[in-house]
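Colleague: Please find one structure pasted underneath; my questions will follow.
The values are calculated or read from the model by the stated rules, or taken from the named source; none is laboratory data. Because the structure is predicted, anything quoted here is derived from the model rather than measured. Here Cβ is always computed from backbone atoms with ideal geometry, including for glycine, and neighbour counts include all displayed protein chains.
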Amino acid sequence: MSNSSYNADIDPVEQFARGVKPNKEFYDKVITTKENGTREMIYEETLHPHTGDAFYAKAGQVIRIEQRPHQHNGRTQISDILFFTPDLEQWSDHLSTTAVEGFCPQIYGGLWTQSKFMEKIVTLVADEYPYELLSDPENNMKVQHMFFAAHCSKEYNMCAYGNDAVHMNSCHENFIQALNRVPAIAAIKDEEERRKRVQFLADRNDLNIFQPNQIIPDREGVTRGKMFLSPSVPDGTGLEFYCEKDLYLIASNCPYADQNLPFHEAKPNPIYIQVFETGIKPYTNDHLGMVKGDEWEKLVYEKFKTGEKETSVRTPDSYNLKTK
């Protein structure tokens with residue numbers, strides 16, 4: 001008889017999480033460069049309303065994403081973000097990251113790249129969000145403001161508002177704009193191939209930030225995102241990510257703004273992007289030391305070659321369908 005009780009020592013997700021424990025002493029040194037003023041600002045840019053943009057940073061630098069709502073209309077601005085290596089071969093991957101870090105990032109937590117790589121691309125080193133402004137008395141659970149999920153798209157907007165919403169802006173449109181600003185995309189001469197590549201990359205699930213949420217079961221037991229209205233945060237509230245690699249931050253200024261108004265009435269605010277040099281280079285390029293994808297892929301295909309795993313093509317007549 002099987003045992004249905006919980007055992008953390010055989011829970012795969014718990015085992016995955018144990019395998020990626022961060023070097024907190026190292027990241028504390030990174031955090032200290034802000035506290036003691038030894039880091040240097042490299043540049044500052046603005047992510048304007050209804051736009052997407054690409055922001056470059058080198059390994060060892062910190063990217064800061066900052067709110068300044070009271071310089072504008074007082075509303076916190078939601079954003080959706082992805083991180084890509086400059087060759088666009090690796091990106092901050094939803095599946096890799098949530099399996100080992102959970103759905104809501106925490107300080108010292110990393111964002112990991114996709115299968116065949118599984119390398120850390122950034123580490124969260126500052127989260128200044130005023131969590132005391134968030135609460136859910138219905139279940140007495142903490143309300144987060146970051147989570148890995150999809151982003152608003154033309155299709156989602158049309159689900160909610162009908163086909164006329166195809167003309168409305170979306171984070172997906174903003175990602176398309178941002179990716180077209182990356183040199184590796186601009187270098188693709190064939191327009192059709194360039195569009196296909198952009199669409200594939202823009203379709204990656206991303207990290208939603210400054211968007212209060214819980215990932216919990218609803219009344220029917222279906223687990224989904226429960227979105228809360230965003231409070232107005234103090235100017236200067238920010239997030240900071242330490243860059244483990246040279247990368248581009250691909251960021252969307254979400255047209256839903258702070259979700260306090262219906263989509264048609266929302267008025268997004270700018271978000272401010274700063275890049276700082278810490279002088280502290282990553283302590284490793286390979287945090288997990290695992291066999292890389294190019295190697296384990298050979299092992300998989302060897303099983304096909306030897307017949308250990310069947311790979312004959314599944315045509316419609318290969319299923320021994322019964323005829324009436």
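Colleague: Considering each of TYR301, TYR272 in turn, give the residue that is out of contact with any Phe, Trp or Tyr (no Cβ under 7 Å at 6 or more places or on another chain) and in a strand (DSSP E or B). Steps first, please.
Modeller: On the way: TYR301 fails: in a strand (DSSP E or B).
Sole residue among the options that is out of contact with any Phe, Trp or Tyr (no Cβ under 7 Å at 6 or more places or on another chain) and in a strand (DSSP E or B): TYR272.
Colleague: If you don't mind, another one. Considering VAL182, VAL198, VAL143, which residue is modelled with pLDDT under 95 and of a type in the set (A, V, I, L, M, F, W, C)?
Modeller: Step by step, each of VAL182, VAL198, VAL143 is checked, and only VAL143 is modelled with pLDDT under 95 and of a type in the set (A, V, I, L, M, F, W, C).
Colleague: A follow-up question, please. What number of residues within segment 83-117 are more than 17 Å from ALA17 (Cα to Cα), out of contact with any Phe, Trp or Tyr (no Cβ under 6 Å at 6 or more places or on another chain) and surrounded by 22 or more Cβ atoms within 10 Å (Cβ to Cβ)?
Modeller: The total comes to 1.
For (1) crowded, with 17+ Cβ neighbours inside 10 Å; (2) in contact (Cβ under 8 Å) with a residue 12 or more places away in the chain; (3) in a strand (DSSP E or B), each residue gets a yes or a no:
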position: MET158; (1), (2), (3): no, no, no
position: GLN177; (1), (2), (3): yes, yes, no
position: ARG181; (1), (2), (3): no, yes, no
position: LYS189; (1), (2), (3): no, no, no
position: VAL198; (1), (2), (3): yes, yes, no
position: ARG219; (1), (2), (3): no, no, no
position: GLY225; (1), (2), (3): no, yes, yes
position: VAL233; (1), (2), (3): yes, yes, no
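Colleague: Give the number of residues within segment 126-173 that are over 24 Å from THR98 (Cβ atoms) and among the small types (Gly, Ala, Ser).
Modeller: 4
Colleague: For segment 111-160: of the residues being small (Gly, Ala, Ser) and under 29 Å from GLU173 (Cα atoms), which is farthest from the chain's Cα centre (by Cα)?
Modeller: Here is the first cut: in segment 111-160, the ones small (Gly, Ala, Ser) are 115, 126, 135, 149-150, 153, 160.
If we keep only those that are under 29 Å from GLU173 (Cα atoms) as well, we get 115, 126, 149-150, 153, 160.
Numbers: SER115: 15, ALA126: 16, ALA149: 8, ALA150: 9, SER153: 16, ALA160: 24 Å.
Across segment 111-160, the extreme among qualifying residues is ALA160.
Colleague: State the number of residues belonging to segment 206-217 that are surrounded by fewer than 20 Cβ atoms within 10 Å (Cβ to Cβ) and of a type in the set (Val, Ile, Thr).
Modeller: Summing the residues that are surrounded by fewer than 20 Cβ atoms within 10 Å (Cβ to Cβ) and of a type in the set (Val, Ile, Thr) in segment 206-217 gives 2.
Colleague: Can you pull out the strands (runs of 3 or more DSSP E) entirely within segment 14-125 that have at least 1 residues that are more than 14 Å from VAL275 (Cβ to Cβ)? So that I can check it myself, show each step before the final result.
Modeller: On the way: elements: 40-47, 52-57, 61-67, 79-84, 110-112.
Of the strands (runs of 3 or more DSSP E) lying wholly inside segment 14-125, those with at least 1 residues that are more than 14 Å from VAL275 (Cβ to Cβ) span 52-57, 61-67, 79-84, 110-112.
Colleague: For THR38, only one of the following conditions fails: (1) of a type in the set (Ser, Thr, Tyr); (2) within 27 Å of LEU201 (Cα to Cα); (3) touching a helix residue (DSSP H, G or I) at 6+ places or on another chain (Cβ under 9 Å). What is its number?
Modeller: So the condition that THR38 fails would be (2).
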